[in-house]
Amino acid sequence: AFGRLFGHPRKMRDGALVGADGVLALAGMAGWLGVEAGNVSKRRAADLGLSSRDGAYVKGTKEGSPAQKAGIRKGDVILRIGRSPIGGKADLSKVSDRFKAGQVLNVDFVRGGERQTIYMAIEARPIS
């Protein structure tokens, strides 16, 4: 699975794999989504036609992140990742810490008032 997500490893460096794309990552590392999020305000919930303030409002995604690659965009409201409901920004952080690089999870979100589901391949946080 590692080779499929990161390209075939080129070499080992200090116990880490360096992918064909030059990204250094440790196998089995905690996952990274690459989402900058906030809580859903009353006004934003009303503007988006949401019946509650549950979810994490996406302020943006990091360039090249799993979220960006999966199609998550600014303005989306993430409601669930895998089997875990997302009540707000804090839930998103807690949940993302439980996932490991290489997992593929369903992500339920609202975009433009419409509930959607996509699949996201979780990756290890790049080491700079």
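The values are calculated or read from the model by the stated rules, or taken from the named source; none is laboratory data. Because the structure is predicted, anything quoted here is derived from the model rather than measured. Neighbour counts run over all protein chains shown; Cβ positions are idealised from the backbone, glycine included. Note: areas computed on protein heavy atoms with side chains; ligands, DNA, RNA excluded. Shrake-Rupley method; radii C 1.70, N 1.55, O 1.52, S 1.80 Å.
Only residues that are small (Gly, Ala, Ser), touching a strand residue (DSSP E or B) at 6+ places or on another chain (Cβ under 6 Å) and within 12 Å of Met120 (Cβ to Cβ) were counted in region 44-95, giving 4.
Looking across region 39-70 at every residue that is of a type in the set (A, V, I, L, M) and farther than 13 Å from Gly88 by Cβ, the one that is surrounded by the most Cβ atoms within 10 Å (Cβ to Cβ) is identified as Ala67. For region 38-66, the tally of residues that are of a type in the set (A, V, I, L, M) and modelled with pLDDT under 95 stands at 4. In region 5-21 there is no residue that is within 17 Å of Gln103 (Cα to Cα), open to solvent by 90 Å² or more (accessible area, probe 1.4 Å) and either in a strand (DSSP E or B) or modelled with pLDDT of 50 or more (or both). Restricting attention to region 83-100 and to residues that are within 11 Å of the chain's Cα centre (by Cα) and either closer than 15 Å to Glu36 by Cβ or surrounded by 14 or more Cβ atoms within 10 Å (Cβ to Cβ) (or both), the residue that is modelled with the lowest pLDDT turns out to be Ser96.
Applying a threshold of 6 Å to beta carbon distances and a minimum spacing of six or more residues, or different chains, the list of pairs starting in region 89-114 at a residue that is over 22 Å from Ala45 (Cβ atoms) and ending at one that is surrounded by fewer than 15 Cβ atoms within 10 Å (Cβ to Cβ) and among the β-branched types (Val, Ile, Thr) reads Asn106/Thr117.
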